[in-house]
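These notes are about the structure you will find just below.
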Amino acid sequence: MISFDIPLSWTYCRLKSIIYSLTDGTHSTPKYTECGIPFVSVKDLSSGFLSLRNTKHISVEEHVILSKRCNPQKGDILITKVGTTGIPVLIEIDEEFSLFVSVALIKFFKKYVNPKFFIYLLKSPLVQLQVIENTRGVGNKNWVLTDIEHTLLVLPPLNEQQRIVNRLNTILKQL
């Protein structure tokens with residue numbers, strides 16, 4: 001799969017080597033409530049941003065149970081894995097919410113990876129081609145956790161990651 005040279009200070013790695021947790025949301029449909037804790041599914045990330053505006057809700061009690069397995073927090077990354085696959089979103093809110101199976105939660109080592117760089121990396125052609133290649137199924141497409149953790153990445157040193165983020169932010173502001 002390696003198809004290009006990288007600088008000597010950069011490295012190829014698998015996603016699993018820079019994360020400490022990869023889970024997805026509950027595989028069972030919860031009992032919805034009129035209000036309570038937002039329950040996020042792929043539709044709430046499909047714009048490329050986390051939106052809690054149109055989520056369904058679950059009870060606090062059910063959220064407590066679900067969060068023992070999958071507890072999204074500010075600074076973590078969500079990535080869509082069912083239907084529209086491979087859309088990454090950095091959690092930038094403090095509000096609690098739970099996840100459905102259509103969304104994976106990535107908790108990663110921030111001493112190796114700049115969160116904003118990680119988002120750009122997950123949106124890159126290198127990763128997105130792997131998403132396409134590894135998404136399975138015809139009707140209800142699924143990118144399984146095993147394939148997600150084996151995704152090949154290119155990782156520069158942390159200071160270079162920050163330079164890349166700064167440059168991309170500058171370029172994207174001009175668009």
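The values are calculated or read from the model by the stated rules, or taken from the named source; none is laboratory data. Model, not experiment: these values are computed from the prediction. Counting neighbours? That spans all protein chains shown, and the Cβs are built from the backbone with ideal geometry, glycine included. Each accessible area value is taken on the protein alone, full model and side chains, heavy atoms only, with ligands, DNA and RNA left out. Shrake-Rupley method; radii C 1.70, N 1.55, O 1.52, S 1.80 Å.
Taking Cβ atoms as reference points and 15 Å as the exclusive limit, the residues near Val165 contribute a net charge of +4, counting Lys and Arg as +1 and Asp and Glu as -1.
Spin-label pair Val64-Lys31: with each label point 7 Å from Cα along the Cα-Cβ axis, the two points sit 1.5 nm from one another. Taking Ile132, Ile87, Ile77 and ordering them by how much accessible surface each has at a 1.4 Å probe, largest first, produces Ile132, Ile87, Ile77. Classify the range 97-170: rounded, prolate or oblate, from the alpha-carbon gyration tensor (a ≥ b ≥ c, eigenvalue square roots; a/c under 1.5 rounded; otherwise prolate if a/b is larger than b/c)? Since a/c reaches 1.5 and a/b is larger than b/c, the shape of the range 97-170 is classed as prolate. Would you look at the GNM of the chain, springs on alpha carbons closer than 10 Å, and say which of Val138, Val165, Val113 moves the most? Comparing Val138, Val165, Val113 in the GNM, the peak value goes to Val138.
How many percent of the alpha carbon pairs in the range 1-42 exceed a separation of 16 Å? So the pairs more than 16 Å apart make up 65 percent of the total in the range 1-42. The chymotrypsin sites (Phe, Trp or Tyr not before Pro) of the range 1-108 that DSSP puts in a loop, and whose beta carbon has at most 14 other beta carbons within 10 Å, are Phe4, Trp10, Phe49.
Taking each DSSP H run with n ≥ 4 as -39500 (n - 2.57) and averaging over every residue of the chain yields -8000 deg cm²/dmol at 222 nm. Legend: P(r) of the chain from all alpha carbon pair distances, 10 Å bins from 0, whole percents, reading 9, 37, 34, 16, 4, 0. Within the chain, the longest segment free of exposed loop sites, counting trypsin sites (Lys or Arg not before Pro) that fall outside DSSP classes H, G, I, E and B and have at most 11 other Cβ atoms within 10 Å, spans 112-175. Each semi-axis of the equivalent ellipsoid for the range 27-103 is √(5λ) with λ an eigenvalue of the Cα gyration tensor; in descending order they amount to 18, 13, 12 Å.
Among the listed pairs Lys68/Lys123; Lys56/Lys111; Lys43/Lys123; Lys16/Lys116; Lys68/Lys110, those whose Cα-Cα separation exceeds 26 Å are Lys68/Lys123; Lys56/Lys111.
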